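Rule-based calculations on the coordinates, nothing more; no lab input. Since the structure is predicted, the reported quantities are computational estimates derived from the model, not experimental observations. Cβ: placed from backbone, ideal geometry, glycine included. Neighbour counts: every protein chain shown.
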């Protein structure tokens, strides 16, 4: 299983580019900064998620001066060949994305996870520890669908019901609801509470499986003997339907649902200290890597496949000791590594591509 071919047209700074990474080992993209190394990893990530790890604005991925950008990939799942195509079209007001898997539109992100599960770590990857909860929720959502495709239905249903409830709250414009509006809101609140409980349950179950792996990988990387905690942090107390009633006035004035799984977090601690605020940069970076490596291993063990691993300039952010330890922990399977610096001496890639020579 793995990505066998990637083709770009008018993506970021590339007019046209095609390359074939080694499907089972390490391929290194080695060239100076500004030559498009990270953009290639971004294109691979876009094939797997229909999104970017660098921007929330889809038009940023289209080459400057162009209105159409394309990413095409050929992936093999054992003997099965899968063609994934992403087209980005810049419009006057927004940019549209069209995703096809073997010519068919995927129904959800789970369909993409089925084709190309992956793990990505970038220099900004430490934000999963030190920045706001949105980073950790995105990580948790992606890991859920990568590890268990069936969870995609729960996630999609939750997002749909949340959107409907928020639409009603926005429509109130901070005013008290009519009897009809109140009845409609009560129906959506009941549905929201039910699917939220299902989502929290599968999130907690996943974290219970992930936590020991994170502790293991952190100790392998840091070797400092500190105790690592990874726990689910809920945004309400008691029954959710009762909590929604208590928060109604706040929801009405704000025009959106202020409590629920979309506001929850993951509490990461070191010896009981909140790692988000009280860990050193080195500790935070080791924790961030441990979360990604733990998630990677969880997907591999639950689905029996090796996710594609993307490492963007990771070794430049680590001291030599941690770099050597990370090399020993890299999982088997296809890996794409970018660097502008010499590789650690212990790394033996199957292929090295110089983008200064290959780019058109």
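Just to confirm the number: angle between the C-alpha axis of helix 133-147 and the first principal axis of the chain, 0 to 90 degrees, nearest 10? Once rounded, the angle reads 70 degrees. What does the C-alpha gyration tensor say about the overall shape of the range 253-302? Classify as rounded when a/c is under 1.5, otherwise prolate if a/b is larger than b/c, or oblate. Verdict is oblate for the range 253-302.
D by Stokes-Einstein for the range 178-234, Kirkwood Rh over Cα pairs, 4 °C, 1.567 mPa s: 91 µm²/s. Helix 320-329 sits at what angle to the longest principal axis of the chain, using alpha carbons and giving 0 to 90 degrees rounded to 10? Value to nearest ten degrees: 80.
Do you know the relative contact order of the range 131-304, to the nearest whole percent, from alpha carbon pairs under 8 angstrom that are 6+ apart? In percent, rounded to a whole number, it is 33.
A helix-only calculation puts the chain at -14000 deg cm²/dmol for mean residue ellipticity at 222 nm, using -39500 (n - 2.57) for each DSSP H run of at least four residues, averaged over all residues. Descending by average beta-carbon neighbour count within 10 Å, the peptides 12-22, 33-43, 90-100 line up as 33-43, 12-22, 90-100, the highest first. Hydrodynamic analysis of the chain uses the Kirkwood radius over alpha carbon pairs. Inserted into Stokes-Einstein at 4 °C and 1.567 mPa s, it gives a translational diffusion coefficient of 59 µm²/s. Solvent-free Debye calculation, one equal scatterer per alpha-carbon of the range 131-304: log10 I(q)/I(0) at 0.16, 0.18 Å⁻¹ equals -0.94, -1.09. As a ratio to 2.2 N^0.38 Å, the alpha-carbon radius of gyration for the range 277-349 is 1.16.
When 31, 64, 316 are sorted by how many other C-beta atoms sit within 10 angstrom of their C-beta, beginning with the fewest, the order is 64, 316, 31. Length available on full extension from residue 190 to residue 107: 0.36 nm per residue minus the Cα-Cα distance, which gives 27.3 nm.
Relative contact order, whole percent, for the chain stands at 26, derived from Cα pairs under 8 Å and 6 or more residues apart.
Tally the DSSP beta bridges in the chain and give the antiparallel ones as a percent, rounded to 5.
In the chain, DSSP labels about 70 percent of beta bridges as antiparallel.
Computed packing ranks the peptides 55-62, 280-287 as 280-287, 55-62, most packed first, by mean other Cβ atoms within 10 Å.
Between 0 and 90 degrees, the angle of helix 179-222 with respect to the longest Cα principal axis of the chain falls at about 30 degrees.
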